[in-house]
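Working notes, structure below.
The values are calculated or read from the model by the stated rules, or taken from the named source; none is laboratory data. Here the structure is a predicted model, which means the values were calculated and not measured. Here the Cβ is made from the backbone with ideal geometry for all residues, glycine too, and neighbour counts use every protein chain on show.
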Amino acid sequence: MKSLVRRILLILFIAAVAGAIILGLRPAAVEADLAKVVRGEIRETVDQDGRTRLRERYTVSAPLAGRLLRIELDPGDEVEAGETLVASIEPRDPELLDARALLQAEANVKAAEARLERTTPLLEEAAANLDFAEADLDRARRARQDSPGSVTLNELENKEMVRRTRAALVRAAEHAHEIAKFELAQAKAALLRSRPAIEMAVDANADAADAKQEGNGQPPAPYPQQDPQWHFNILSPINGRVLRVFRESSGVVQAGDPLLEIGDPLDLEVEIDVLSRDAVKVQPGAPVLLEEWGGDRPLNGEVRLVEPSGFTKISTLGVEEQRVNVIVDLVDPPQTREALGDGFRVEARIVTAEAKDVLKVPTSALFRVGEDWAVFRVEDGVARQCLIKIGLQNGLEAEVQDGLVEGDLVVTHPGDNVVDGRAVRAR
């Protein structure tokens, strides 16, 4: 009897030791992040950075060459179409003359003055001869009336011819006098900006006095730089704000030189450059979510255009990539994004496909087994490798079409210590 009890106790001891050895050799449960397979909505998106830009921008250029007056507008100033003066151009100053050209121009002035002085006595001589011819013709006419035989008809016609001839000489002398004055004015014009302003003002006053003495009573027109009517004013083409000022200070500009840029800051669109392989999935009208723009909620957009031509861009890793611009219209009213301006960065999520009421799993739980996708499904605290079939996926979630059911637990971010059959517990 005692031997039987000893045998039973020995068997129990051996079993306890064997169980302890087995438990000691069995690996401990690995801590892991677990997630549930849930049902809901999923969107497949193309995620890429973008930047805002004005739909329409207007570059105001100089329509003609001249001297630009200082632009008083600053970026951000409001402008009104057809009312706000954005720039003004006046005639350009003449070029300065060197010593030789200056002496030649002054000599031309003196020569023109001499020609003008020479025409004056010629005009006076022609006028005196005309007066004499007219008086002689009047005496002949009166004598013929008093005594018809004293003056013949032939003599009267000769005196009439002399009067007409001398009248023509007076007109020719007047034209020569006018031409001499114009030549003098042209010669003086060559000296503009080549002499001190005081000396030019003295000449201008002298010209005004000469004009009044000649009987017209009007001084000559001022230089273009002194008369506002010679300024060419440029008005704003649209209602909006000044974006940039290219030429603020006064200076000489050529026709076509850009002066400033104007646009409506509320009329924005978003330009997103995506990889060409992703661009083929994007369709016009696709919804877009714009995030990280600085507001407290995402903005809604809609794809308007996928540009038909791509371009090459070097990535941050030095790899050449073919990219395509996608143009997105903002759907939200401007009042919800007043702080958003031109050239601001946004993070865009372009929806290429979406599905509702489907099973989905975190993409961090997926890994490849050959050509198939797989996850570690947790069954009774043990990780079991399970092949699944997925559909739509984005950077966060993937649609499960086969292999899992709602409520299953899967391991996310499985490490090398998680293998099929390994015990796991929630971290």
Hey, LEU404 over 23 Å from the mean Cα position of the chain (by Cα) and of a type in the set (A, V, I, L, M, F, W, C) or not: yes
Meets criteria (hydrophobic (A, V, I, L, M, F, W, C) and more than 20 Å from GLU56 (Cβ to Cβ)) for PHE246: no
Residue within the range 147-160 that is over 57 Å from the mean Cα position of the chain (by Cα), at pLDDT 85 or above and part of a helix (DSSP H, G or I) present: yes
Scan of the range 385-395 for residues that are touching a residue at least 24 places away in the same chain (Cβ under 8 Å) and surrounded by fewer than 13 Cβ atoms within 10 Å (Cβ to Cβ), ordered by number: GLY395
ALA114 vs. criteria assigned to a helix (DSSP H, G or I), outside the structural domain of ILE238 (by TED's automatic domain parsing), closer than 30 Å to GLU157 by Cβ and small (Gly, Ala, Ser): no
Out of GLU406, GLU399, sole residue that is part of a strand (DSSP E or B), charged (D, E, K, R) and under 20 Å from GLY40 (Cβ atoms): GLU399
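Among GLY310, GLY240, which is crowded, with 16+ Cβ neighbours inside 10 Å and within 29 Å of GLU80 (Cβ to Cβ)?
On inspection, the qualifying residue turns out to be GLY240.
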The range 41-82, subset among the small types (Gly, Ala, Ser) and more than 15 Å from the chain's Cα centre (by Cα), residue nearest to GLU397 (Cα to Cα): GLY50
Answer residue from the range 296-337, given it is more than 25 Å from the chain's Cα centre (by Cα) and not in a strand (DSSP E or B) and is modelled with the lowest pLDDT among those: THR316
Given (1) surrounded by 12 or more Cβ atoms within 10 Å (Cβ to Cβ); (2) in a helix (DSSP H, G or I), index of the condition ALA135 fails: (1)
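Exposed (fewer than 14 other Cβ atoms within 10 Å of the Cβ) and among the β-branched types (Val, Ile, Thr), is that true of VAL369?
yes
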Subset tally (residues that are at positive phi and β-branched (Val, Ile, Thr)) for the range 296-328: 0
Some residue of the range 96-107 being surrounded by fewer than 11 Cβ atoms within 10 Å (Cβ to Cβ), farther than 24 Å from LEU266 by Cα and touching a residue at least 24 places away in the same chain (Cβ under 8 Å): yes
Residue in the range 277-291 that is over 30 Å from ASP93 (Cα atoms), without any contact (Cβ under 8 Å) to a residue 12 or more places away in the chain, part of a loop (DSSP other than H, G, I, E, B) and of a type outside the set (Val, Ile, Thr) present: no
Residue that is of a type in the set (A, V, I, L, M, F, W, C), under 30 Å from HIS177 (Cα atoms) and touching a residue at least 40 places away in the same chain (Cβ under 8 Å), where the choices are ALA111, ALA87: ALA111
The range 371-386: number of residues that are farther than 26 Å from THR45 by Cβ and out of contact with any Leu (no Cβ under 6 Å at 6 or more places or on another chain): 10
All strands (runs of 3 or more DSSP E) inside the range 27-68 with 2 or more residues being closer than 30 Å to SER364 by Cα and at pLDDT 90 or above: 30-36, 38-54
Condition met for PHE344 (touching a Phe, Trp or Tyr at 6+ places or on another chain (Cβ under 9 Å), modelled with pLDDT of 90 or more and not assigned by TED's automatic domain parsing to the domain that holds PRO287): no
